[in-house]
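Undergrad: Below you will find the structure I want to go over with you.
Here, each number is a calculation from the coordinates, and none is a lab measurement. Since we're looking at a predicted model, the values are computed, not measured. Because the Cβ atoms are built from the backbone with ideal geometry, glycine has one as well, and the counts that use them run over all protein chains shown.
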Amino acid sequence: MNRRELDRLGRELREFLESMTDGMGRSERRAAMAAYLTGLLLDGDRKSVEPMAARLVDSPDEVEAMRQRLLSCVAESAWSDEEMLRRIACKLERELPGIEAFVIDDTGFPKKGIHSVGVARQYSGTLGRTDNCQVATSLHLAGEAGSGCVGFQIYLPEKWAGDVLRRAKVGVPPEVTFQRKWEIALSQLDAALRWGVRKHIVLADAGYGDIGEFREGVSARGLQYLMGVSGVLTVWPPGSDPRVQARSGKRGRPHTRYRDDRHPPAAIHQLALSLDYRKVTWREGSRDWQSSRFAAARVRTAHRHQSGEAPGAEQWLLCEWPEGKDSPCKFYLATLPTGTSVRALVRAAKLRWRVERDYQELKQEIGLDHFEGRSWRGFHHHAALCSTAHAFLALRRALFPPDQDQLDPADGAQSSSARPPSDRRELSPLPTSRQPRHPFPRGVAHVEQAIE
């Protein structure tokens, strides 16, 4: 966003910033928080403290004073990043049209040193490999019209969590203990529900969906889910009725294994080959309408069935087999109702793309990965402020269509129709894509009638 756009949004932006920072300390701190958020919104290649300070002042003599204010705001001041995320969640829940899902994922931040909080050689899906990096788990509220981050916590590897000296150097709070990423995600869901966010369907990729304890934890909170899973997971196929066989005589130990000799359990990738597929079309962001072949069946999980574990509750298995592929390549488990259509399942599965868009915008345009500090407080303050700036732009794109919100050509700016095309995806305060063809104010679990 350039200076002209920012000035044009003066009153609206000021009211938004006041609602996000009200009650968070003295006026000087709140002013510094507002300045930091403004720096994140302004155009610039780097969104670390010093470059932002230079863009926020009119004279080079003022840069150092502004730098000190911004640094104190993000790295030293004791305001609550959780409270700021709560305010974002409540505002998006109230004002962003068509919110219908929680989306859970994690993102990586490559690092060269060893002193930043949580940095270690670990796997990052963002990087696609094991490398020296930080990883953070995030929770997003999402709908077709937009999305925003409402939970963000760095993953602290077990070695870090147990190292008293390293924790002290970067200020890890004493109450923070080792948690696996899926446990962090459950705590983020708990926080969102505690704040009054409605119970939406939970979407996640196979990094979370493969973990039975995570799926069970989501269900235990009264939430439905649709999660990616790997093809090696074992399920009881449609029509199966696994039971523990009765003992044939009085001697011997009783049977404990569940069996169904007519329909034995199978790996998902094997079962997927036998299903009937049909073409389904959905919309995915700027790529407009997409299509692929999908099949769905009702199954039960068969985890550790050989050890006597009971079958899981019946749920959907959704499989994707694109044209030109030798076999199905994507698999999902979902606890949506029995009457849910295949199209509704596909639509829910593909809504997870919103988190990838959020990460792209947060990093490339807002500066989420530009923080240069090492501390726990600084990292989470910066992430909360980035999420706040992103929420402001997400709300503007969703609530103000282009024809209602174009810059006045008299101000010297080009109208959107006059601007030359560009391959770069800019994060603008103006909407860049059409409104969804089917706005769904209801949950995904109840949309099948609307799209059939």
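Undergrad: Using alpha carbon centroids, what distance separates the range 31-107 and the range 174-199, in Å?
TA: The range 31-107 and the range 174-199 have Cα centres separated by 22 Å.
Undergrad: Treating only the Cβ atoms of Lys and Arg (+1) and Asp and Glu (-1) as charged, compute the dipole magnitude of the range 27-134 about its Cα centre; round to the nearest 20 debye.
TA: 260 debye
Undergrad: First check a/c for the range 1-154, with a ≥ b ≥ c the square roots of the eigenvalues of its C-alpha gyration tensor; if it is under 1.5, answer rounded, and if not, answer prolate when a/b is larger than b/c or oblate otherwise.
TA: oblate
Undergrad: What's the extension gain from Glu158 to Leu193 if we count 0.36 nm per residue and subtract their Cα-Cα distance?
TA: This chain segment gains 9.8 nm when fully extended.
Undergrad: Which peptide among 338-346, 268-276, 135-143 comes first, and what is the full order, when sorted by highest mean count of other Cβ atoms within 10 Å?
TA: Highest-to-lowest ranking by the protection proxy: 135-143, 338-346, 268-276.
Undergrad: Placing +1 on the Cβ of each Lys and Arg and -1 on the Cβ of each Asp and Glu in the range 262-404, which of Ser291, Leu399, Ala383 has its Cα farthest towards the positive end of the resulting dipole?
TA: Toward the positive end, the furthest listed residue is Ser291.
Undergrad: Next question, about the same structure. What shape does the range 289-366 have by the C-alpha gyration tensor, where a ≥ b ≥ c are the square roots of the eigenvalues, rounded means a/c under 1.5, and otherwise prolate means a/b greater than b/c and oblate the rest?
TA: In terms of gyration-tensor shape, prolate.
Undergrad: Put a dot 7 Å past each Cα toward the Cβ at Val232 and Ala168; how far apart are the dots in nm?
TA: That separation, rounded to one decimal, is 4.2 nm.
Undergrad: I need the calculated FRET efficiency for the pair His269 and His115, taking r as the beta carbon distance and R₀ as 41 Å, to the nearest 0.05.
TA: After rounding to 0.05, the efficiency reads 0.45.
Undergrad: Using Stokes-Einstein with the Kirkwood hydrodynamic radius over Cα pairs, what translational diffusion coefficient do you get for the range 139-197 at 10 °C and a viscosity of 1.306 mPa s, in µm²/s rounded to a whole number?
TA: The estimated diffusion coefficient comes to 121 µm²/s.
Undergrad: Let me spell out the model: positive unit charges on the Cβ of Lys and Arg, negative unit charges on the Cβ of Asp and Glu, origin at the Cα centre of the range 127-273. What dipole size does that give, in debye rounded to 20?
TA: Dipole size: approximately 720 debye.
Undergrad: Could you tally the net charge around Arg46, taking each other residue with its Cβ under 15 Å from the Cβ of Arg46, Lys/Arg +1 and Asp/Glu -1?
TA: Here the charged neighbours net out to -2.
Undergrad: For the pairs Lys47/Lys159; Lys47/Lys363; Lys169/Lys363, note any where the Cα-Cα span goes beyond 21 Å.
TA: From the list (Lys47/Lys159; Lys47/Lys363; Lys169/Lys363), the Cα-Cα distance tops 21 Å for Lys47/Lys159; Lys169/Lys363.
Undergrad: Report the calculated FRET efficiency for Arg259 and Ser291 (r = Cβ-Cβ distance, R0 = 35 Å), to the nearest 0.05.
TA: Computed FRET efficiency for Arg259 and Ser291 comes out at 0.30.
Undergrad: Let me ask something else about it. Given +1 on the Cβ of Lys and Arg, -1 on the Cβ of Asp and Glu, and no further charges, what dipole in debye does the range 74-195 carry about its Cα centre, rounded to the nearest 20?
TA: Using Cβ point charges on Lys, Arg, Asp and Glu, the range 74-195 gives about 540 debye.
Undergrad: How would the range 30-88 be classified by its alpha-carbon gyration tensor: rounded, prolate or oblate, with rounded meaning a/c under 1.5 and the a/b versus b/c comparison settling the rest?
TA: Because a/c hits 1.5 or more and a/b exceeds b/c, the range 30-88 counts as prolate.
Undergrad: Return the long-range amide H neighbours of Lys330 (sequence gap of 5 or more, or a different chain), with a cut-off of under 5 Å between placed amide H atoms.
TA: Result for Lys330 returns Glu320.
Undergrad: Counting Lys and Arg as +1 and Asp and Glu as -1, what is the net charge of the other residues whose Cβ lies under 13 Å from the Cβ of Met227?
TA: Net charge in that neighbourhood comes out at -2.
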